[in-house]
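Written out below as C-alpha cells is the structure these notes cover.
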C-alpha cells in the first residue's frame, strides 16, 4: 500500500516539474503562466475527487467471499481498490483474506 502511494506521489511530482511554463490563450490574448498556477489547482481537484470517490465507495456494505460476513471498508482503501464492475478487492476485517467482495443486497 505504501509503495503504491509513494509511486503515485513520485509520478505526480514528475508531471508537475515537467511543466516549466505554459502559454494560455484567452480571447485572442496570449499569457505566459507559471507552471504552479496550473499544477496546484489540478492536484487539489484530483485529491478532492479521490477523497469523495473513496467515501462514496466506502459507504456501501460489502460481503467477504470466504466467510460471508458484511463490512464497511476504509475510505482510503476503497479509493485505491482494484475493481471489476461492482466487485472490489478488499481485505476482510473478520477473516483477514483478500479477495473480490461484492456489494451487499441489503445496502442497495
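Worth pointing out:
- The angle separating the long axis of helix 36-58 from the principal Cα axis of greatest extent in the chain is about 10 degrees.
- Chain lengthening between residue 46 and residue 11 when straightened (0.36 nm per residue, less Cα-Cα): 11.3 nm
- In degrees, nearest ten, helix 2-18 long axis to first principal axis of the chain (Cα): 20 degrees
- Computed on the Cα trace of the chain, the radius of gyration divided by the Kirkwood hydrodynamic radius gives Rg/Rh = 1.18.
- Contour excess over end-to-end distance, with Cα ends at residue 84 and residue 30 and 0.36 nm allotted per residue: 15.0 nm
- Alpha-carbon centroid distance for the pair region 85-107 / region 26-43, whole angstrom: 42 Å
- Treating r as the C-beta distance of residue 104 and residue 4 and R0 as 22 Å, the FRET efficiency rounds to 0.25.
- Stretch gain in nm, segment residue 68-residue 95, where the contour uses 0.36 nm per residue and the Cα spacing is subtracted: 8.7 nm
- With contacts taken as Cα pairs under 8 Å at a separation of at least 6 residues, region 2-107 carries a relative contact order of 18 percent.
- For the residues 14, 82, 48, a GNM of the chain with alpha-carbon springs under 10 Å puts the largest fluctuation on 14.
Taken together, the values in this text are just the output of simple stated rules run on the coordinates, not laboratory data. Note that this is a predicted model, so its numbers are computed, not measured. Note: ideal-geometry Cβ built from the backbone for every residue, glycine included; neighbour counts use all protein chains shown.
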